[in-house]
1. Before we move on, is residue 13 within 30 Å of residue 358 (Cβ to Cβ) and either in contact (Cβ under 8 Å) with a residue 24 or more places away in the chain or in the same structural domain as residue 137 (by TED's automatic domain parsing) (or both)?
2. Name the one entry in 503, 482 that is over 34 Å from the mean Cα position of the chain (by Cα) and free of Cβ contacts under 8 Å to residues at least 40 places away in the same chain.
3. Any chance segment 134-144 includes a residue that's in contact (Cβ under 8 Å) with a residue 40 or more places away in the chain and closer than 18 Å to residue 20 by Cα?
4. Being out of contact with any helix residue (DSSP H, G or I) (no Cβ under 8 Å at 6 or more places or on another chain) and at pLDDT below 95 is the filter here, so list the residues in segment 57-89 that pass it.
5. Given the structure, is residue 350 assigned by TED's automatic domain parsing to the domain that holds residue 36 and at pLDDT below 80?
6. Looking at the structure I just gave you, is residue 65 surrounded by fewer than 15 Cβ atoms within 10 Å (Cβ to Cβ), over 23 Å from the mean Cα position of the chain (by Cα) and outside the structural domain of residue 454 (by TED's automatic domain parsing)?
7. Select from segment 504-517 the residues that are surrounded by fewer than 20 Cβ atoms within 10 Å (Cβ to Cβ) and closer than 14 Å to residue 466 by Cα and write down the one among them that is modelled with the lowest pLDDT.
8. Considering every residue within segment 412-423, establish whether at least one is under 23 Å from the mean Cα position of the chain (by Cα), in a helix (DSSP H, G or I) and in the same structural domain as residue 131 (by TED's automatic domain parsing).
């Protein structure tokens with residue numbers, strides 16, 4: 001399977017060409033990450049924050065002090081907003097302008113990852129398989145390469161930084177590239193960007209790569225890292241002092257690590273379920289891939305340590321942290337795809353097949369088929385199948401898994417049967433994962449109630465909006481849509497209802513919750529009801 005002896009010569013040449021793989025990776029990434037970027041509405045929460053902060057930066061031309069709702073915004077570093085600034089300024093406020101760099105990071109990540117695996121493994125089969133598995137991850141569609149969040153940049157800088165680190169094993173000057181990439185990751189997503197340095201330091205320690213530390217370039221790289229990260233942080237300290245560090249470091253970094261944010265209450269093992277769901281069906285191969293990698297390390301193959309640490313360090317670090325979000329473990333998926341590809345190719349190598357890898361791969365196939373009932377059903381199967389009882393669906397999956405096992409048992413040629421079983425499972429896995437991806441991309445909602453609210457406000461030609469006793473002001477996507485059509489947006493809480501009378505001047509739209517008691521708004525001024533929001537207009541005459 002790994003050598004594909006029956007392929008035509010021109011296809012073999014293409015298959016063995018790293019440029020073709022990089023081109024293929026880029027085209028698949030474009031197909032997955034670029035379509036409809038402008039069609040679906042802004043998302044809560046982070047994307048709305050970053051889009052509004054960028055919008056206000058373009059309006060104020062102040063690139064040093066970020067603002068949100070025209071108040072100081074200390075929560076995140078500015079790199080994404082800096083990059084988006086010229087794009088938004090040139091092409092105005094189309095949704096795609098706020099997502100441009102995330103999509104570009106997705107395409108670049110796919111290309112760099114494919115070349116990374118190709119050069120390190122020196123086996124086209126592993127590189128092709130790892131690339132296609134990586135791009136099949138559903139997790140990449142959320143809060144990453146299709147939204148205007150900082151996670152897309154983080155993943156790109158992480159992949160490039162680790163690629164440069166691997167190159168530094170033979171050419172120490174490459175460690176400068178690692179430092180620059182990781183410093184840009186910090187400038188994209190603050191402390192989350194330090195996950196790369198932690199992986200590198202753990203690999204140096206466990207693999208005893210002391211030659212890197214002894215190199216002068218290692219110390220130059222520390223200076224390069226500080227040179228990129230320090231200026232903005234020093235400027236914020238000078239401009240805002242304790243207020244900046246209290247929010248940036250206290251509530252955002254320390255708070256999320258040791259405190260429970262948003263009343264989540266997730267257990268430490270919560271990410272196991274997230275990974276299983278967001279990377280299904282290949283997630284079922286991951287435990288086997290870990291076992292095979294650990295055995296290789298025990299046998300003295302230190303290069304496996306690097307990829308294993310890449311997969312496990314983020315998973316362990318974020319499992320320990322109290323605050324948990326699904327996108328925190330995005331750095332795990334490239335390494336997981338790589339390890340899974342190594343497992344499958346080791347199991348199907350016709351010259352030197354790995355018996356343990358074969359056993360683990362077959363078990364993984366059975367697990368993927370069996371858990372199809374749980375993890376795949378909500379995404380693309382028919383409503384009739386989804387409506388079946390859980391036990392019935394598990395029964396169907398169990399019968400499918402048992403049938404595959406029986407076919408393998410009764411087969412006379414176990415070697416061919418195993419190759420056929422794994423090949424069939426790969427077809428099944430890629431169908432499941434990419435069918436899910438296509439459905440997510442094509443069926444993603446193209447409309448939001450916030451857009452309806454903004455349209456009604458715009459139709460009235462309102463000069464001011466007063467938001468009373470409603471969550472619209474606190475929803476970043478809602479505020480962003482309103483700010484596109486009106487300059488002045490004023491919040492009023494329920495306890496200060498008397499302010500509405502003073503703020504609701506002629507030409508003002510008042511937005512309330514459906515249950516709010518607003519005596520200032522007469523019934524004849526009701527101009528719309530959208531979702532849970534009532535809109536009133538105060539006439540000019």
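1. On the way: within 30 Å of residue 358 (Cβ to Cβ): yes; either in contact (Cβ under 8 Å) with a residue 24 or more places away in the chain or in the same structural domain as residue 137 (by TED's automatic domain parsing) (or both): yes.
So residue 13 fits the description; yes.
2. Residue meeting the stated conditions: 503.
3. yes
4. Scanning segment 57-89 gives 59, 60, 61, 62, 71.
5. yes
6. It is false that residue 65 is surrounded by fewer than 15 Cβ atoms within 10 Å (Cβ to Cβ), over 23 Å from the mean Cα position of the chain (by Cα) and outside the structural domain of residue 454 (by TED's automatic domain parsing).
7. By that ranking, first place goes to 516.
8. No, segment 412-423 contains no residue that is under 23 Å from the mean Cα position of the chain (by Cα), in a helix (DSSP H, G or I) and in the same structural domain as residue 131 (by TED's automatic domain parsing).
The values are calculated or read from the model by the stated rules, or taken from the named source; none is laboratory data. Note that this is a predicted model, so its numbers are computed, not measured. With ideal geometry, Cβ positions are generated from the backbone for all residues, glycine too; neighbour counts draw on all protein chains shown.
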